[in-house]
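Working notes for the structure below.
Rule-based calculations on the coordinates, nothing more; no lab input. Because the structure is predicted, anything quoted here is derived from the model rather than measured. Because the Cβ atoms are built from the backbone with ideal geometry, glycine has one as well, and the counts that use them run over all protein chains shown.
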Amino acid sequence: MLKGKKIVLGVTGGIAVYKAVDLVSKLKKAGAQVRVVMTEAATKFVTPLTFKEISGQAVATDMWYANQEFNVEHIALVEWADMMLLAPATANIIGKMAAGIADDLLSTTILACQKPIIVCPAMNTGMYNKTVVQENINKLAKWGMTIMPPAVGHLACGTTGIGRLPEPADIVEFVQQYLAMQEGDLRALKVLVTAAGTREPIDPVRYIGNRSSGKMGYAIAKAASDRGAKVILISGPSLLAPPAGVEFISVESTQEMLDAVLKYYDEVDVVIKAAAVADYKSNVVATQKIKKHDDEGISLLLDRNPDILKILGSRKKKQFLVGFAAETQNLLANAQEKIQKKNLDMIVANDVTLQGAGFNADTNVVKFLFPDGKVRSLEKMAKSAVAEAILDVVKENVTILRK
Ligand code: CTP
């Protein structure tokens, strides 16, 4: 999303200016072009030379500097830019923006700017919580600017609280998400993804589970969110961190996953069920830890769990329903049968016995199957690439469905 984007980064005078140097570097690595405008106070913390070297562009600091690149610098800057980003944004610049004051190059550039503006406030907690600052921030939001809330943590003044400039990687992620919501090819879609395995308790310390890591489902959720979709990720236990920007719901058992999925089903356009759902649960869940006996084995009586996807298939209205089939034999026949049985629009089938496929691997080898019998085989590829390919099919079909 950031490839080729032209960003004017406004840097104002707070201790977090040093982080803005890394921010420029990360924005450039993501493919953006960055031109930095600094206030005089910002230049007291880090020299313009540092930003010039990192951005590879002249740094603008002064309205009146004779040798500047353009005649009317602030107008040239906003004409060049696709968007402005202010990080760190002090209480002072926020106050000036809220009051319409233009008394230096940065505030004048902001006032002249008709492009999107993202503001990253960063200051001491007491200042941030002041009514006047909050009212000013609310004004900027009301006028269409996008505010990235500050992080909570240790502050330069020695206290701990809200007001830290978020980490540069998080700011880049935020900008990417903003752009995805404005321009992403899936921005009109609400996508529900399930991921990882469900667990069925046996006693307070044991459960029935499976080997699913969640990698495939999390990759789909991230890819959909990066392409602008509103994503709800419902996941069984997983070691993975939920992708930024998705609505995350953590569940444990199949019944919990079913309840969560049904809660959102009516409002989504697409459901992608990558979760490895436990088909059976223990008939009795012991309230105390089950003790072993020296000479005897024990039996577990298992009850059938609901088939979530089958329930969704039977209640389907406008949703595009994608299932997964993890098979160890008769891949195509088994997967095709699941399409019919569960009323799916597509199934992603993989033979989990193949090298580089299935649980815990970073790659997958899959086939897409459709209700009309069509099959598309994909090469072995990264799960992130499989995710993109699934979403390409989803996009094409949802567009056709809507016509
Ligand atoms: N699934 C589900 N609820 C279940 C079992 C599976 O929603 N109780 C979903 C999975 O998320 C997946 C698809 O159904 O998208 C296929 O799962 P799989 O376990 O391969 O199929 P089953 O129908 O359970 O058949 P079998 O276990 O006999 O292969």
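With r defined as the distance between the Cβ atoms of residue 301 and residue 160 and R0 fixed at 41 Å, what FRET efficiency is calculated, to the nearest 0.05?
So, using R0 = 41 Å, E works out to roughly 0.20.
What's the exposure ranking of 267, 388, going from fewest to most Cβ atoms within 10 Å?
Lowest count first: 267, 388.
In bins 20 Å wide, starting from 0, what share of all Cα pairs of the chain does each bin hold, as a percent?
Percent of Cα pairs in each bin: 24, 41, 29, 6, 0.
How would you rank 332, 179, going from fewest to most other Cβ atoms within 10 Å of each one's own Cβ?
Ordered by Cβ neighbours within 10 Å, fewest first: 332, 179.
What are the extents of the Cα atoms of the range 6-181 along their three principal axes, in Å, largest first?
For the range 6-181, the Cα extents along the three principal axes come out at 42, 36, 33 Å.
Counting pairs of alpha carbon atoms under 8 Å apart in space and at least six apart in sequence, what relative contact order in percent does the range 6-181 give?
23
Say R0 is 35 Å: what FRET efficiency, to the nearest 0.05, do residue 248 and residue 291 get from their beta-carbon distance?
0.40
Gain in length, residue 53 to residue 332, computed as 0.36 nm per residue apart minus the alpha-carbon separation, to one decimal in nm?
So the extension gain works out to 94.8 nm.
Just list whichever of 5/318; 6/142; 139/318; 52/115; 318/338 have alpha carbons separated by over 30 Å in the model shown.
From the list (5/318; 6/142; 139/318; 52/115; 318/338), the Cα-Cα distance tops 30 Å for 5/318; 139/318.
Considering only DSSP beta bridges where both residues belong to the chain, give the percentage that are antiparallel (nearest 5).
30
Before rounding to the nearest 500, sum -39500 (n - 2.57) across all DSSP H runs of length at least 4 in the chain and divide by the residue total; then give [θ] at 222 nm in deg cm²/dmol.
Computed mean residue ellipticity for the chain: -11000 deg cm²/dmol.
For the range 74-81, take each phi angle, set θ = phi - 60°, evaluate the Karplus expression 6.51 cos²θ - 1.76 cosθ + 1.60, and give the result in whole Hz per residue in order, putting x for glycine and proline.
5, 6, 4, 4, 6, 6, 5, 6
Residue 213's amide H: which non-local residues (gap 5+, or another chain) put their own amide H closer than 5 Å, with H modeled 1.01 Å from N in plane and none for Pro or chain starts?
Here 360 satisfy the definition.
Relative to the Cα centre, what is the charge dipole magnitude of the range 6-181, using +1 at the beta carbon of each Lys and Arg, -1 at the beta carbon of each Asp and Glu, and rounding to the nearest 20 debye?
320
Could you list which residues have their amide H under 5 Å from that of residue 36, counting only those 5 or more apart in sequence or on another chain, with H placed in the peptide plane?
9, 60
So what J values fall out for the range 23-38 if you push phi through Karplus, 6.51 cos²θ - 1.76 cosθ + 1.60 with θ = phi - 60°, rounded to Hz, Gly and Pro as x?
4, 4, 4, 5, 5, 5, 4, 7, x, 7, 9, 10, 10, 9, 10, 10
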